[in-house]
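Q: First the structure, which I've put down as structure tokens, then a few questions once you've had a look.
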Amino acid sequence: MYVALSPTAVHARAPRALNALAADAAASPSLQRASIEVVKLSSRDLQWLPALTDLLIDNVHHGATLGFLAPMSRYQALDYWHGVFARLGQHHALWIACEAEGPGRLLGAVQMSLCPLANAHHRGEVQRLMVHSQERSRGVAGQLMSRLECAAATQGRYLLQLETCADSQAEAVFAHLGWQRAGQIPDHCHGAEGQLQAAAMYYKRLPHLV
């Protein structure tokens, strides 16, 4: 589950929520938390499969609406990630956030699917943003989304869209990151525990870099 530093890595900026801890961390090294890198994976980076499997199970078992129901088996999660790695390429990308120091522990992941239709080469879709339940409130989601948005813009994709569970913590994160709410669909899908949930649709316009 380890990875070397790569040219695609983006060093993290300290999240605002941790600013108050900066002085204490400087005074006490034991309080310091490793910086975060965002790395784009290829279909050859299969060493990350065990950690990604743990990440998906952790999110589903903590109520994330990711297309699965709890309890989720390890076989089911591993089978999903094998499918993701098989799709990686021109129209599908996967980024992970990991600690830049030590063993490079996995903290989160996000995917982007680029629309292949001839009349929609300007847009893409954000899929399955995940942050481990023990690593939240340290800016992981923001760094993953920043890297994804930069990659989309440099490929000429200046409109992104996503859907998430309405009135959820995830929806609050996307709103905080500058995404615009387009609407809501009631009873859109079953949540991780089986209950029907509404889905909120979001979009974001990016700079025209290409």
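Q: Pick out the one residue from 62, 92 that is within 27 Å of residue 198 (Cα to Cα) and at pLDDT below 95.
A: 62 is the lone residue from the list that is within 27 Å of residue 198 (Cα to Cα) and at pLDDT below 95.
Q: Let me ask something additional. Among residues belonging to segment 61-86 that are within 14 Å of the chain's Cα centre (by Cα) and closer than 18 Å to residue 168 by Cβ, point out the one that is surrounded by the most Cβ atoms within 10 Å (Cβ to Cβ).
A: Only one residue tops the list, namely 64.
Q: Would you tally the residues in segment 193-210 being in contact (Cβ under 8 Å) with a residue 12 or more places away in the chain and either closer than 15 Å to residue 167 by Cβ or open to solvent by 100 Å² or more (accessible area, probe 1.4 Å) (or both)? Give the steps one after another, and end with the answer.
A: Quick first cut of segment 193-210, residues in contact (Cβ under 8 Å) with a residue 12 or more places away in the chain only: 193-194, 197-210.
Now restrict to residues that are either closer than 15 Å to residue 167 by Cβ or open to solvent by 100 Å² or more (accessible area, probe 1.4 Å) (or both): 193, 197-202, 205, 208-210.
Number satisfying all stated conditions: 11.
Q: Can I ask one more? Within segment 152-175, track down each residue that is of a type in the set (Ser, Thr, Tyr) and either surrounded by fewer than 17 Cβ atoms within 10 Å (Cβ to Cβ) or closer than 9 Å to residue 201 by Cα (or both).
A: Selection gives 154, 164.
Q: Go through segment 54-71 residue by residue and tally those that are in contact with a strand residue (DSSP E or B) (Cβ under 6 Å, 6 or more places away or on another chain), assigned to a helix (DSSP H, G or I) and aliphatic (A, V, I, L, M).
A: First, the residues of segment 54-71 that are in contact with a strand residue (DSSP E or B) (Cβ under 6 Å, 6 or more places away or on another chain): 55, 59, 65-66.
Narrowing further to those that are assigned to a helix (DSSP H, G or I): 55, 59.
Next, only the ones that are aliphatic (A, V, I, L, M) stay: 55.
Total satisfying the criteria: 1.
Q: Another question about this same structure. Please tell me if residue 125 is in contact (Cβ under 8 Å) with a residue 60 or more places away in the chain and more than 11 Å from the chain's Cα centre (by Cα).
A: Against the criterion (in contact (Cβ under 8 Å) with a residue 60 or more places away in the chain and more than 11 Å from the chain's Cα centre (by Cα)), residue 125 does not qualify.
Q: Considering only residues that are of a type in the set (A, V, I, L, M) and part of a strand (DSSP E or B), which ones fall in segment 105-160?
A: Within segment 105-160, 106, 107, 109, 110, 112, 114, 126, 129, 130, 131, 159, 160 meet the criteria.
The values are calculated or read from the model by the stated rules, or taken from the named source; none is laboratory data. All of these numbers come straight from a predicted model, not from anything done at the bench. Virtual Cβ from ideal backbone geometry, glycine too; neighbours counted across all protein chains shown. What goes into the accessible areas is simple: the full protein's heavy atoms, side chains included, and nothing from ligands, DNA or RNA. Shrake-Rupley method; radii C 1.70, N 1.55, O 1.52, S 1.80 Å.
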